[in-house]
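Chemist: Please read through the structure below; I'll follow up with questions.
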Amino acid sequence: MVDVVLVEGEAAETLSRLHFACFDEGWNAATFARLMSPKGSFALLAYNDERSQQPAAAIGFALVRHTRGESELLTLGVVPPCRDAGIARQLMAALLDRVVRDGATTMVLEVAEDNHAARHLYETFGFVAVGRRAGYYRRDEGAADAVTMRADLARLEV
Ligand SMILES: CC(C)(COP(=O)(O)OP(=O)(O)OC[C@H]1O[C@@H](n2cnc3c(N)ncnc32)[C@H](O)[C@@H]1OP(=O)(O)O)[C@@H](O)C(=O)NCCC(=O)NCCS
């Protein structure tokens, strides 16, 4: 079991480190600080040691924006050695619980078409594909489409 906690702007460096560990194009700390600053935006960190919330113990993260009832999952990741242990599932449950309490009625996100792990995860939380952006993710091996997914949070059991 991990500890999932809400974090403030001072966690931007930790969020950036984790993002670089999870994605080819990492986001720097300034980007996280900027994305976290609007009212309604928040980030979560997952720690693998419930007794320690030191930056080095952080293994997963999520960043969410919420304005006027619609929320957006901007990014989510779990460091490679800690995957397949249900940590992303815990992050999803925690962030959905928070946005529902804050009055969000929908959440949207974008995911690469070939990201089967993430798509499966989102589907199990009630997200359905509602759109596609061709060639959105540029990679050395060729571009991949982005699938836009949406969940009706009023129907969700979190
Ligand atoms: C996607 C990601 C966040 C999942 O994190 P995780 O902690 O390993 O996920 P969980 O252990 O909570 O597993 C979630 C579900 O995905 C499933 N899953 C894992 N790998 C899978 C795969 N390759 N194909 C299909 N499903 C997969 C798990 O079995 C689990 O489903 P289940 O509970 O029904 O069995 C992680 O792989 C990651 O950080 N990837 C890189 C960053 C990324 O792609 N983020 C999402 C961007 S939209």
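What follows draws every value from the coordinates through simple rules; no lab data is involved. Every value quoted in this text rests on a predicted model; they were computed, and no experiment measured them. Every residue, glycine among them, receives a Cβ derived from its backbone with ideal geometry; neighbour counts consider all protein chains shown.
Chemist: Could you tell me which of rounded, prolate or oblate describes the stretch 3-155, using a ≥ b ≥ c as the square roots of the eigenvalues of the alpha-carbon gyration tensor, with rounded for a/c under 1.5 and, failing that, prolate when a/b is larger than b/c and oblate otherwise?
Modeler: Details: a/c = 1.43, a/b = 1.13, b/c = 1.26.
Here the stretch 3-155 falls in the rounded category.
Chemist: Only sites in a loop by DSSP and with at most 13 other Cβ atoms within 10 Å count here; which trypsin sites (Lys or Arg not before Pro) in the stretch 1-80 make the cut?
Modeler: The qualifying sites are LYS39, ARG51, ARG68.
Chemist: Further, regarding this structure: What is the packing order of peptides 70-76, 87-93, 102-108, taking the mean over residues of other C-beta atoms within 10 Å and listing the highest first?
Modeler: Ranking, from highest mean packing down: 70-76, 87-93, 102-108.
Chemist: Follow-up. Using only the Cα atoms of the stretch 1-60, build the gyration tensor, take square roots of its eigenvalues as a ≥ b ≥ c, and label the shape rounded, prolate or oblate: rounded if a/c is under 1.5, else prolate if a/b is larger than b/c, else oblate. Walk me through the intermediate numbers first.
Modeler: Details: a/c = 2.18, a/b = 1.31, b/c = 1.67.
Oblate shape, in that a/c is at least 1.5 and b/c is the bigger or equal ratio.
Chemist: Okay, next question. Just to verify a number: FRET efficiency for ARG132 and ASP3, C-beta to C-beta distance, R0 = 41 Å, to 0.05?
Modeler: 0.70
Chemist: If you don't mind, there's one more thing I want to ask. State, to one decimal in nm, how far the label point of GLU141 lies from the label point of ALA94, with both points 7 Å from Cα in the Cβ direction.
Modeler: Result: 3.1 nm between the two label points.
Chemist: Kindly rank 128-136, 55-63, 111-119, 21-29 from highest to lowest mean number of other beta carbons found within 10 Å of each residue.
Modeler: 55-63, 111-119, 21-29, 128-136
Chemist: Another question, then. Any idea which of TYR122, LEU73, GLY142 is furthest toward the positive side of the dipole for the stretch 1-148, if Lys and Arg beta-carbons carry +1 and Asp and Glu beta-carbons -1?
Modeler: LEU73
Chemist: So for the chain: antiparallel DSSP bridges make up what percent, rounded to the nearest 5?
Modeler: For the chain, the DSSP antiparallel bridge percentage is about 90.
Chemist: A follow-up question, please. Which shape class, rounded, prolate or oblate, goes with the stretch 78-158 when its Cα gyration tensor gives a ≥ b ≥ c as root eigenvalues, a/c under 1.5 marks rounded, and past that a/b bigger than b/c marks prolate? All intermediate terms of the calculation are to be shown ahead of the outcome.
Modeler: Details: a/c = 2.55, a/b = 1.37, b/c = 1.87.
Cα axes put the stretch 78-158 in the oblate bin.
Chemist: Suppose every Lys and Arg Cβ carries +1 and every Asp and Glu Cβ carries -1, with no other charges. What dipole size does the chain come out with about its Cα centre, to the nearest 20 debye?
Modeler: 360 debye
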